[in-house]
Amino acid sequence: MVSKQTTPEKTIGFIINPVAGMGGAVGLKGTDGIEILCKAIALGAKPIASAKAEIFLLNLSPPKEHIKFLVGAGEMGEFQVKKLGFNCQVLGQAKTLTSPKDTQIIAHQMKESKVDLLIFCGGDGTARDILRAIGLSVPVLGVPTGVKMHSAVFAITPQAAARVALRFLFVSLPLREAEVMDVDEQAFREGHVSAELYGYVLSPFEPHLIQGNKMESPMIESEIQNQAAIALYIIEEMKPTNLYIIGPGTTTRTIGDLLDQKKTLLGVDLFQNKEITAKDVNEKKLLQAIAGRKAQIIVTPIGGQGFIFGRGNQQISSKVINQVGLDNIIVVATKSKLDRLESLKVDTGDSKLDAALRARGISVISDYKVTRKMAIE
């Protein structure tokens, strides 16, 4: 129980990038730039950052009398913080359409106000904006709401972000220099990962609640053979009448390679009768395709982070997963990748679905007819 008499008030800077993550479900792999944002909206993308921000704030609520917020105006934090009854001071003016410059200006003001912790809701692009504004001057924590989240500043979920913030502010957590990474979105859409290190920010560190950097699979002969063995087993088990939703990654791409089908490396493709029926599909197309059909999902964890849902494959949304069914999820990963992971992770945006996945755990196919049981956090 927090004692009001003995606990000092803490000041949190809080910034939401309202458009973060909108490109994920519609298959655009990001929303950097007005042109891509407009395309995402035209494809039916809906804002998700504010909902995830509210999840974070709800989990931060118990000591709210000890917290003061400095927030961006309007959708950049003000509306959500006030809705949940937190004490706040508003920075800037509310806008219908916000820009990276708005994030940078507000973050700089928070730096000048010497906030105890700056928390932002966004993806790697937003992390870069924060880095430009404050450098190593203020502790930073990311609430994951974007499409691209390669940086080591993000908590694994909004709920985890709240736990990290509370421990850092009211108990104790060490700070570390966390990498801010981002990829070239255009190259990413064309199937090429071109990640770049932009710098470091100070960030609270709790290894079970903060994600690591994404690591590429080592393309050595044993790894390639392991991927081929996994793919061969999957192909042998494929049923001609089933529809297969196959997520991004080198291990899943090998399935296409052995079938002489050119699967997209970074997209979600549909297979039936061992042939690609649709490439780089979004959530809407997936839901249309699987309606009334027997379908299975095949995914591989993001290297180094361990996410099977919620990072890089947001097209396979909670709606898609629930419609396919938890018994029809297949996870594949090489032995070397699993050896680097203590557990797998999920962040679908649906707390009930995440809880159901965590309660089950999952058997991961790690070689030909070889599985390994993995816990899910």
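Do you know which residues across the stretch 322-334 are touching an Asp or Glu at 6+ places or on another chain (Cβ under 8 Å) and either closer than 18 Å to V281 by Cα or surrounded by fewer than 17 Cβ atoms within 10 Å (Cβ to Cβ) (or both)? Explain how you work it out, then say what you get.
Going residue by residue through the stretch 322-334, those that are touching an Asp or Glu at 6+ places or on another chain (Cβ under 8 Å) are 322, 334.
Selection gives N322 alone.
So which residues in the stretch 47-100 are over 17 Å from L141 (Cβ atoms) and assigned to a helix (DSSP H, G or I), if there are any at all?
S50, A51, K64, E65, H66, G74, E75, E78, F79, K82, K83, P100
Name the pairs whose Cβ atoms lie under 6 Å apart, with the first residue in the stretch 123-147 and more than 20 Å from S50 (Cα to Cα), the second at pLDDT 95 or above and assigned to a strand (DSSP E or B), and 6 or more positions between them or separate chains?
Listed pairs, sorted by first residue: L131/V201; L136/L202; V138/L118; P139/L117; P139/L175; P139/L202.
Going through the stretch 275-312 one residue at a time, which ones are over 29 Å from V183 (Cβ atoms) and either touching a residue at least 60 places away in the same chain (Cβ under 8 Å) or among the basic types (K, R) (or both)?
Those that are over 29 Å from V183 (Cβ atoms) and either touching a residue at least 60 places away in the same chain (Cβ under 8 Å) or among the basic types (K, R) (or both): R293, K294.
R253 passes all but one of (1) charged (D, E, K, R); (2) within 18 Å of V332 (Cα to Cα); (3) touching a residue at least 24 places away in the same chain (Cβ under 8 Å); which number fails?
Going through the list (1) charged (D, E, K, R); (2) within 18 Å of V332 (Cα to Cα); (3) touching a residue at least 24 places away in the same chain (Cβ under 8 Å), R253 breaks only (3).
Picking from I119, I67, I134, which residue would you name as being under 30 Å from I316 (Cα atoms) and buried (at least 17 other Cβ atoms within 10 Å of the Cβ)?
Working: I67 fails: under 30 Å from I316 (Cα atoms); I134 fails: under 30 Å from I316 (Cα atoms).
Answer to the selection: I119.
Any idea which of (1) acidic (D, E); (2) within 17 Å of I230 (Cα to Cα); (3) crowded, with 19+ Cβ neighbours inside 10 Å is the one E283 doesn't satisfy?
E283 satisfies all of (1) acidic (D, E); (2) within 17 Å of I230 (Cα to Cα); (3) crowded, with 19+ Cβ neighbours inside 10 Å except (2).
This table checks each residue for (1) of a type outside the set (S, T, Y); (2) modelled with pLDDT of 95 or more; (3) within 20 Å of the chain's Cα centre (by Cα); (4) assigned to a loop (DSSP other than H, G, I, E, B).
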site: L197; (1), (2), (3), (4): yes, no, yes, no
site: S203; (1), (2), (3), (4): no, yes, yes, no
site: P218; (1), (2), (3), (4): yes, no, no, yes
site: I234; (1), (2), (3), (4): yes, yes, no, no
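Please work out which residue is surrounded by the most Cβ atoms within 10 Å (Cβ to Cβ), limiting yourself to the stretch 302-314 and to residues that are assigned to a loop (DSSP other than H, G, I, E, B) and under 12 Å from the mean Cα position of the chain (by Cα).
Step one: filter the stretch 302-314 for residues assigned to a loop (DSSP other than H, G, I, E, B), giving 302-306, 310-314.
From the residues that got through so far, the ones that are under 12 Å from the mean Cα position of the chain (by Cα) too are 302, 305-306, 310-314.
On the way: I302: 25, Q305: 23, G306: 24, G310: 24, R311: 26, G312: 26, N313: 25, Q314: 28.
This residue is Q314.
Restricting attention to the stretch 148-183, which residues are in contact (Cβ under 8 Å) with a residue 40 or more places away in the chain and polar (S, T, N, Q)? Lay out the reasoning, then the answer.
At the first step, the residues of the stretch 148-183 found to be in contact (Cβ under 8 Å) with a residue 40 or more places away in the chain are 148-166, 168-170, 177, 180-183.
Residues satisfying the conditions are S151, T157, Q159.
Going by what's in this entry, would N213 be described as outside the structural domain of V143 (by TED's automatic domain parsing) and at pLDDT below 90? Spell out the reasoning first.
On the way: outside the structural domain of V143 (by TED's automatic domain parsing): yes; at pLDDT below 90: yes.
In short, yes.
Assigned to a strand (DSSP E or B), farther than 26 Å from E221 by Cα and in contact (Cβ under 8 Å) with a residue 60 or more places away in the chain - does that describe any residue in the stretch 263-274?
No: the stretch 263-274 contains no residue that is assigned to a strand (DSSP E or B), farther than 26 Å from E221 by Cα and in contact (Cβ under 8 Å) with a residue 60 or more places away in the chain.
Out of everything in the stretch 102-134 that is part of a helix (DSSP H, G or I) and small (G, A, S), what residue ends up being nearest to P204 (Cα to Cα)?
From the stretch 102-134, those part of a helix (DSSP H, G or I) are 102-112, 124-134; that's our starting set.
Keeping just the survivors that are small (G, A, S) gives 107, 125, 127, 133.
On the way: A107: 18, G125: 20, A127: 15, A133: 18 Å.
It comes out as A127.
Closer than 21 Å to G256 by Cβ, modelled with pLDDT under 95 and not assigned by TED's automatic domain parsing to the domain that holds A51, is that true of K294? Reasoning before the result, please.
Details: closer than 21 Å to G256 by Cβ: yes; modelled with pLDDT under 95: no; not assigned by TED's automatic domain parsing to the domain that holds A51: yes.
Judged against the criteria, K294 is not a match.
With in contact with a Gly (Cβ under 7 Å, 6 or more places away or on another chain), modelled with pLDDT of 80 or more and either closer than 30 Å to S172 by Cβ or not assigned by TED's automatic domain parsing to the domain that holds M149 (or both) as the only criterion, which of G77, G72 stands out?
On the way: G77 fails: in contact with a Gly (Cβ under 7 Å, 6 or more places away or on another chain).
Among G77, G72, only G72 is in contact with a Gly (Cβ under 7 Å, 6 or more places away or on another chain), modelled with pLDDT of 80 or more and either closer than 30 Å to S172 by Cβ or not assigned by TED's automatic domain parsing to the domain that holds M149 (or both).
Name the residues in the stretch 275-290 that are in contact with a strand residue (DSSP E or B) (Cβ under 9 Å, 6 or more places away or on another chain) and more than 12 Å from K319 (Cβ to Cβ), would you? Walk me through how you get there before you give the answer.
Of the residues in the stretch 275-290, the ones in contact with a strand residue (DSSP E or B) (Cβ under 9 Å, 6 or more places away or on another chain) are 276-281, 285-286, 289-290.
Passing the criteria: I276, T277, A278, K279, D280, V281, K285, A289.
List every residue pair whose Cβ atoms lie under 7 Å apart, where the two residues are 6 or more positions apart in sequence or sit on different chains, the first residue falls within the stretch 323-336 and is in the same structural domain as T250 (by TED's automatic domain parsing) and part of a helix (DSSP H, G or I), and the second residue, located anywhere, is of a type outside the set (A, V, I, L, M, F, W, C) and surrounded by fewer than 19 Cβ atoms within 10 Å (Cβ to Cβ).
Here the result reads L326/R360; K335/D367; S336/P218; S336/E223, each pair linking the stretch 323-336 to a residue that is of a type outside the set (A, V, I, L, M, F, W, C) and surrounded by fewer than 19 Cβ atoms within 10 Å (Cβ to Cβ).
The values are calculated or read from the model by the stated rules, or taken from the named source; none is laboratory data. Because the structure is predicted, anything quoted here is derived from the model rather than measured. Every residue, glycine among them, receives a Cβ derived from its backbone with ideal geometry; neighbour counts consider all protein chains shown.
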